[in-house]
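The values are calculated or read from the model by the stated rules, or taken from the named source; none is laboratory data. Keep in mind that this is a model prediction, so the values were computed, not measured. Cβ: placed from backbone, ideal geometry, glycine included. Neighbour counts: every protein chain shown. These area figures cover heavy atoms from the full protein model, side chains too; ligands, DNA and RNA do not enter into them. Shrake-Rupley method; radii C 1.70, N 1.55, O 1.52, S 1.80 Å.
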Amino acid sequence: MTSYSTNEFKPGLKVLLEGSPCVILEAEFVKPGKGQAFTRAKFRNFITGRVWERTLRSGETLEAADIIEFEVDYLYTDGYEWHFMRPEDTFEQFAANEEVVGDAKNWLIEQARCTVTLWNGQPIAILPPNFITVEVVDTDPGLKGDTVSGGSKPAKLATGATIRVPLFINNGDLLKVDTRTGEYVGRSKD
Amino acid sequence: MSTSWHPSASIDNLKVRAQVLWNVRKFFHNHNVIEVQTPLLGRTTVTDRYITPFEILGEGYLQTSPEYLLKRLLAAGMPSCYQLASVFRDDESGRWHNPEFTMLEWYRIGFSATDLQREVAELVDCILGKAEYVTWSFDTLIEQQLSIELAPLNSQKLQSILPKLGYHGTLKTHEVNDFLYSQATQRPLPPRLFICDFPKESAALAKTKMVNGKVVAERFELWVNQLEIANGYDELVDAAELSRRMDRDNQLRDDDGLPKIAKDIKLLAAMEHGLPTCAGVALGFDRLCALKVNANSIDEVLSFSNARV
């Protein structure tokens, strides 16, 4: 099993920290005084997306994490699993359960180009595209011409998610949504 | 390792560095402190648990600091003196570390640690411009920066504190202070800060004294803009005590599976002959230059960093 010593730490290195696969975001060697040296590092956990700050004694090692990331297209869900296909060369298919898909399921529309993270060959995270164009399926009737009052109302999207939208939006409108914040960006002209 | 042939520092920074070298030498000339040169290749090395020297097979070690040789000079009658030269420490590289760096080390006969602190401040003012200096004890630093009470700091309390500070492993008793110090000094500090009264375990070659019923080391460090630049001692002159500390160092090395380092008997003999009462300090010359040019890493003031050699 490959492992990395703190003096090999650098951004982008994928390691196992406390049992979870993480990527190193930054690492700094610190040795104040005349004592033990430490490496202070920031890790992003692939599963939760959370950033962990940890200090390790200099010379400690972490096991390498077998992590691969690549792009996939979303196909469909059968309610239990979400199915994806690797485009072009392989057309290999992957299924991910609800736990793995997480909040991404709110933003999955057919053919959406997502990023899948595999750990030891198993999918552990799905990252939807930053922006999607999606249809409104349920909202109160739009207030015609009200494009300036700044008010908002809930709207249910075809993906199942409910977001806040301006008052002039109607059922059937196509919206551009930022999946990272879950916010309405604008009406799509497509 | 970089494949670039270019220097790490800009030519402009190297010009500033030359000016700082010149000003430091002028400073000591004006203060009647004479420049000495000692061999960088030594037969023996330090016993410190956390310093890893480069070993030259069949010859000895590259100097990790000129301390032992300068003290032998002082014992032989050398007046107050300084050395400005490369030192070498294996396993130390990072944003502010390079395995070979330039150390400015000087000894002042008859000075106390406080006298020497004043002179360090005067030198730093001369290079970086005048500013206010604040002095905190080690305990004050930890308690204020980390909002914890050191007394009593038992193992149960530590168990709850360490994870909050981002450490999830186990630390040996003597490593706890190092860890707390490394955390406390990462948080915003006064721009020029002396830290004094270190725990007795990190006395190294400093005398100890009693402060409020607690034995502390007569040692100080200077931090400028979050960067540790100097480490000074009221020098230990007791050969027997130094010998005991070297034994303790070797015990720590042995506990961690590191080879023991032979005690430097020539240093001990010189101290038995008599080291005059003095204070000494080592200052990271590269870091001083880095502060002068507002650099973001030590590489910006090194002609060729280790990765560029």
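The figures follow:
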read-out: Residues that are in a helix (DSSP H, G or I) and either in contact with a His (Cβ under 6 Å, 6 or more places away or on another chain) or open to solvent by less than 60 Å² (accessible area, probe 1.4 Å) (or both), drawn from region B:161-170; value: B:161, B:162, B:163
read-out: Given (1) open to solvent by less than 30 Å² (accessible area, probe 1.4 Å); (2) away from chain A (no Cβ under 14 Å); (3) within 22 Å of residue B:17 (Cα to Cα); (4) assigned to a loop (DSSP other than H, G, I, E, B), number of the condition residue B:37 does not satisfy; value: (1)
read-out: Residue check for residue B:118: free of Cβ contacts under 8 Å to residues at least 40 places away in the same chain, open to solvent by 60 Å² or more (accessible area, probe 1.4 Å) and under 18 Å from residue B:228 (Cα atoms); value: yes
read-out: Hey, residue B:201 farther than 25 Å from residue B:65 by Cα and either more than 17 Å from the chain's Cα centre (by Cα) or within 14 Å of another protein chain (Cβ to nearest Cβ) (or both) or not; value: no
read-out: Tally, over region B:45-58, of residues that are open to solvent by 20 Å² or more (accessible area, probe 1.4 Å) and of a type in the set (Ser, Thr, Tyr); value: 2
read-out: Qualifying residue in region B:235-258 (condition: within 11 Å of another protein chain (Cβ to nearest Cβ), in contact with a Pro (Cβ under 7 Å, 6 or more places away or on another chain) and farther than 21 Å from residue B:81 by Cα); value: no
read-out: Any hit, region B:186-195, residues being within 23 Å of residue B:249 (Cβ to Cβ), in contact (Cβ under 8 Å) with a residue 24 or more places away in the chain, touching a helix residue (DSSP H, G or I) at 6+ places or on another chain (Cβ under 9 Å) and not in a helix (DSSP H, G or I); value: yes
read-out: Test: residue in region B:216-227 that is in a strand (DSSP E or B), more than 13 Å from chain A (Cβ to nearest Cβ), modelled with pLDDT under 95 and farther than 30 Å from residue B:129 by Cβ; value: yes
read-out: Neighbours by Cβ (under 8 Å, 6+ apart or cross-chain): first from region A:122-134, without any contact (Cβ under 8 Å) to a residue 40 or more places away in the chain; second outside any strand (DSSP E or B); value: A:123/A:100; A:127/A:104
read-out: Filter pass, residue A:55 being touching a His at 6+ places or on another chain (Cβ under 9 Å), assigned to a strand (DSSP E or B) and surrounded by 14 or more Cβ atoms within 10 Å (Cβ to Cβ); value: yes
read-out: Exclusive hit being charged (D, E, K, R) and closer than 23 Å to residue B:90 by Cβ, set B:43, B:72, B:17; value: B:43
read-out: Residues within region B:171-182 that are under 18 Å from residue A:41 (Cα atoms), open to solvent by 10 Å² or more (accessible area, probe 1.4 Å) and touching a helix residue (DSSP H, G or I) at 6+ places or on another chain (Cβ under 7 Å), tallied; value: 1
read-out: Selection count where residues are touching a helix residue (DSSP H, G or I) at 6+ places or on another chain (Cβ under 9 Å) and closer than 14 Å to residue A:22 by Cβ, scope region A:118-129; value: 2
read-out: So residue A:10, is it more than 18 Å from the chain's Cα centre (by Cα), basic (Lys, Arg), open to solvent by less than 50 Å² (accessible area, probe 1.4 Å) and within 13 Å of chain B (Cβ to nearest Cβ); value: no
read-out: All positions within region A:28-51 that are open to solvent by less than 40 Å² (accessible area, probe 1.4 Å) and facing chain B (nearest Cβ under 10 Å); value: A:29, A:30, A:31, A:32, A:33, A:35, A:36, A:37, A:38, A:39, A:41
